[in-house]
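**Q** What follows is a single structure, and I will ask about it in a moment.
The values are calculated or read from the model by the stated rules, or taken from the named source; none is laboratory data. Predicted model only: the values in this text are computed from it and were never measured. Cβ placement follows ideal geometry from the backbone for every residue including glycine, while neighbour counts extend to all protein chains displayed. Heavy atoms of the whole protein, side chains included, go into the accessibility calculation; ligands, DNA and RNA do not. Shrake-Rupley method; radii C 1.70, N 1.55, O 1.52, S 1.80 Å.
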Amino acid sequence: FWHASDLLNNSHAINFTYVNSSLIVNNTITVASNYSAGIVLTRSNSNVITNNTINTTGIGQQKYGIEILTDAINNTINNNSITTDGTGASNYGILLQTSATSNLLSGNSIRTNGTTANYGVYLTSSANNNTLLNNTILAQGSGSSNYGVYLISSVSGNVVQGNSIRTN
């Protein structure tokens, strides 16, 4: 069980940088700070993130359940329960960005909630050839601009199939 409460901004419970072929499995993660993330993979390949419960909560904005960043390739993210529930804007269940390529997101339960700009799964900046399969996604907020799956800024070759997606 990992609990990070009243931490400074930019707090991450688990952070893999240049880590390959490793497991993150059966964890309960709670992070309660501004600009926070449950799990971050940067330049990390062929890792498996499975059967985790991830909660990012608290006052402020920009909560991330899982961030897959900068050349993170061939990672599997499956069967996780992810909740991002901030009091401000920009809460992300899973973010794939900056050449995060060939990653599989399957069987995850993702819920985002805040004011505006809440995203279940967000792909940007050449996050290519990723597969989103059989996820349950609820993106909600008290305001507008809430998206289940959002692809923007030069992404290609991604597959979004068999997901249950709901927004308000």
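**Q** Can you list the residues of region 116-136 with backbone N under 18 Å from a point 7 Å past the Cα of Ser164, pointing along Cα to Cβ?
**A** Of the residues in region 116-136, 120-121, 132-136 have backbone N under 18 Å from the label point off Ser164.
**Q** Quick one: with all protein chains in place, what share of the accessible area of the chain is carbon or sulfur, to the nearest percent (1.4 Å probe)?
**A** On the chain, the fraction of accessible area on carbon and sulfur atoms equals 46 percent.
**Q** How much length would be gained if the chain were fully extended between Ser81 and Leu104, taking 0.36 nm per residue of separation minus their Cα-Cα distance, in nm to one decimal?
**A** Difference between extended and current length: 6.7 nm.
**Q** Another question, if that's okay. Which residues does the label zone of Asn74 cover in region 28-47, counting backbone N under 17 Å from a point 7 Å along Cα→Cβ?
**A** Output list for this probe position: 42-47.
**Q** On each of the three principal axes of the Cα atoms of the chain, give max minus min coordinate, whole Å, ordered largest first.
**A** Cα extents, longest axis first: 34, 31, 25 Å.
**Q** Towards the positive end of the charge dipole of the chain, with charges on Cβ (+1 Lys, Arg; -1 Asp, Glu), say which of Tyr92, Val25, Asn168 has the farthest Cα.
**A** Projecting each Cα onto the dipole axis, the largest value belongs to Asn168.
**Q** Which whole-Hz couplings ³J(HN,Hα) result when phi for each residue of region 115-121 is put into the Karplus expression 6.51 cos²θ - 1.76 cosθ + 1.60, θ = phi - 60°, listed in order with x for Gly and Pro?
**A** My calculation for region 115-121 gives 8, 10, 6, 10, 10, x, 9 Hz in order.
**Q** Could you run the Karplus curve 6.51 cos²θ - 1.76 cosθ + 1.60 with θ = phi - 60° over region 134-146 and give me ³J(HN,Hα) per residue in whole Hz, x for Gly and Pro?
**A** Each residue's phi maps through the Karplus curve to give 6, 9, 10, 10, 10, 10, 9, x, 6, x, 9, 6, 10 Hz.
**Q** Where the only charges are on Cβ atoms (+1 Lys, Arg; -1 Asp, Glu), what is the dipole of the chain about its Cα centre, to the nearest 20 debye?
**A** 160 debye
**Q** I'd like to compare 93-99, 132-138: which one has the highest average count of other Cβ atoms within 10 Å, and what's the full order after that?
**A** The peptides rank, most packed first, as 93-99, 132-138.
**Q** Bin width 10 Å, origin at 0, all Cα-Cα pairs of region 65-161: what percent of pairs per bin?
**A** 20, 51, 28, 2
**Q** Take the Cα radius of gyration of region 31-102 and divide it by 2.2 N^0.38 Å, with N its residue count; two decimals is plenty.
**A** 1.07
**Q** Sequence-distant or interchain residues sharing an amide H contact under 5 Å with Gly141, placed H: which?
**A** Gly114, Asn168
**Q** Now for a separate question. Calculate, for the chain, the solvent-accessible area per residue in square angstrom, rolling a 1.4 angstrom probe over the heavy atoms of the protein chains.
**A** Value for the chain: 42 Å² per residue.
**Q** Another one. Sorted by packing (mean other beta-carbon atoms within 10 Å per residue), highest first, where do 114-121, 20-27, 49-56 land?
**A** Ranking, from highest mean packing down: 114-121, 49-56, 20-27.
**Q** Follow-up question, since we're still on this one. So which chymotrypsin sites (Phe, Trp or Tyr not before Pro) in region 13-54 end up in coil per DSSP with only 12 or fewer other C-beta atoms within 10 Å?
**A** Those satisfying the criteria are Tyr18.
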